[in-house]
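A quick write-up on the structure given underneath.
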Amino acid sequence: AAKRQGRNRLHFFSSQLSDNVRENLVMESALRNAIERKELVLHYQPQLDLNSGDLVGVEALVRWQRPEIGLVPPGLFIPLAEEIGLINDIGLWVLEEACRQTIDWDRQGYHVPRMAVNLAVQQIESGHLPQQVLQILQYTGLPAQRLELEVTESAIMIEPKKAADALLEFQSMGIRLAIDDFGTGYSSLAYLKRLPLDRLKIDRSFVMDIGTNAGDDIISRAIINLSNSLGMDTVAEGIENTDQLEFLRREGCEIGQGYLFSKPLPADAVMAFMDKNPSDWS
Ligand code: C2E
Ligand code: MG
Ligand code: MG
Ligand code: MG
């Protein structure tokens with residue numbers, strides 16, 4: 001009986017496996033067509049000055065509006081896109097759409113000072129990115145100073161030399177640079193110090209723990225101090241309550257984003273958000 005059960009279980013696992021394989025293949029071919037079928041959309045999360053409450057920018061976050069299925073979050077398709085070599089195309093689409101949208105808001109009287117866009121490792125490694133970004137800026141008319149590129153520590157450390165070259169080139173173009181998810185990856189502080197980074201983003205996992213116990217406050221505080229000592233502005237991700245906000249403000253973190261202020265929003269809703277939160281953005 002045990003033997004039979006074992007065989008059944010094996011059968012169960014292998015048919016489940018092939019279901020997953022089939023599903024992945026379907027998803028892969030659907031994703032390959034997503035750009036030309038115009039199924040990708042960007043949502044934008046407001047970033048606020050924690051002291052004045054002013055909107056200082058937004059972060060563009062990609063979603064896949066998949067027919068019959070609905071809005072797919074990036075965590076469920078970006079890794080696949082990286083694996084099957086689609087991330088460069090998706091990344092370029094995101095960059096162009098984000099820049100285009102910023103100018104579109106301008107035209108409607110809504111000045112979003114800065115647009116932050118996430119980069120994948122492969123985009124940095126390709127070597128073509130600075131030239132491509134330059135073309136997108138020229139084509140859309142967005143001033144370089146209003147674009148911010150976010151790279152993770154891990155992305156930088158995989159090919160430190162290539163990453164440094166790209167970052168220096170972006171800097172010379174006037175583009176701002178942020179290090180994303182800080183504290184979750186491996187990086188050399190001595191190395192980071194030499195990179196032209198404007199902002200350091202504290203990962204949500206640290207912000208989430210603020211106020212829960214003393215040890216976790218210490219990490220956020222240390223990261224803010226580090227960032228400030230390196231001359232960067234500090235951005236906190238994932239602020240969900242006023243305790244976290246008060247702590248971050250007190251410790252000298254200048255900028256934040258999170259559900260306390262707003263979830264990532266479709267482009268129209270960003271304008272509604274700006275109407276509801278009047279401040280110095282005209
Ligand atoms: P990320 O760049 O660290 O973006 C922040 C994520 O935290 C977003 O998730 C955002 O919705 C979420 N978040 C912000 N505030 C809160 C909060 O208060 N509470 C909670 N629970 N979550 C919050 P999202 O949009 O699902 O994106 C996940 C990740 O996918 C991003 O992390 C980024 O690494 C990646 N990603 C998104 N868009 C792109 C893109 O265009 N290109 C690339 N290469 N990666 C992207
Ligand atoms: Mg990011
Ligand atoms: Mg992040
Ligand atoms: Mg994060």
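Somewhere in region 268-282, is a residue more than 16 Å from ligand 4 (Cβ to nearest atom), within 28 Å of residue 145 (Cα to Cα) and of a type in the set (Phe, Trp, Tyr)?
yes
Restricting to region 164-182, give me the number of residues that are closer than 14 Å to residue 125 by Cβ and not aliphatic (A, V, I, L, M).
2
What are the residues in region 64-88 that are open to solvent by 20 Å² or more (accessible area, probe 1.4 Å) and under 16 Å from the mean Cα position of the chain (by Cα), if any?
The answer is 73, 74, 75, 76, 78, 79, 82, 88.
Of all the residues that make up region 223-260, how many are farther than 20 Å from residue 102 by Cα and not in a helix (DSSP H, G or I)?
Final tally of qualifying residues: 18.
Would it be correct to say that residue 148 is closer than 30 Å to residue 26 by Cα, among the charged types (D, E, K, R) and more than 10 Å from ligand 1 (Cβ to nearest atom)?
no
Do we find that residue 91 is open to solvent by less than 60 Å² (accessible area, probe 1.4 Å), within 29 Å of residue 271 (Cβ to Cβ), within 9 Å of ligand 1 (Cβ to nearest atom) and touching a helix residue (DSSP H, G or I) at 6+ places or on another chain (Cβ under 7 Å) in this structure?
Judged against the criteria, residue 91 is a match.
If I go through region 98-124 residue by residue, how many of them are under 22 Å from residue 35 (Cα atoms) and surrounded by fewer than 20 Cβ atoms within 10 Å (Cβ to Cβ)?
Final tally of qualifying residues: 5.
May I ask you to list pairs of residues, at least six apart or on different chains, whose Cβ atoms are under 9 Å apart, with the first in region 170-194 being open to solvent by 30 Å² or more (accessible area, probe 1.4 Å) and the second being within 16 Å of ligand 3 (Cβ to nearest atom) and aromatic (Phe, Trp, Tyr)?
From region 170-194, the pairs are 183/206; 184/206.
Which is modelled with pLDDT under 95 and more than 16 Å from ligand 4 (Cβ to nearest atom), of 229, 262, 220?
So the residue among 229, 262, 220 that is modelled with pLDDT under 95 and more than 16 Å from ligand 4 (Cβ to nearest atom) is 229.
I'd like the residue in region 222-247 that is over 22 Å from the mean Cα position of the chain (by Cα) and charged (D, E, K, R) and, out of all such residues, is nearest to ligand 1 (Cβ to nearest atom).
Per the criteria, the residue is 243.
Conditions: (1) at pLDDT below 95; (2) aromatic (Phe, Trp, Tyr); (3) not in a loop (DSSP other than H, G, I, E, B). Residue 273 meets all but one. Number of the miss?
(1)
Look through region 195-217, keep the residues that are modelled with pLDDT of 90 or more and open to solvent by 60 Å² or more (accessible area, probe 1.4 Å), and return whichever of them is nearest to ligand 4 (Cβ to nearest atom).
My answer is 204.
Can you name every residue in region 218-247 that is open to solvent by less than 20 Å² (accessible area, probe 1.4 Å) and within 16 Å of ligand 3 (Cβ to nearest atom)?
Passing the criteria: 220, 223, 224, 227, 232, 234, 235, 236, 238, 239, 244.
The values are calculated or read from the model by the stated rules, or taken from the named source; none is laboratory data. In this text the structure is predicted, and so the values were computed from the model without any measurement. Counting neighbours? That spans all protein chains shown, and the Cβs are built from the backbone with ideal geometry, glycine included. Calculation scope for accessible area: heavy atoms of the full protein, side chains included, ligands and nucleic acids excluded. Shrake-Rupley method; radii C 1.70, N 1.55, O 1.52, S 1.80 Å.
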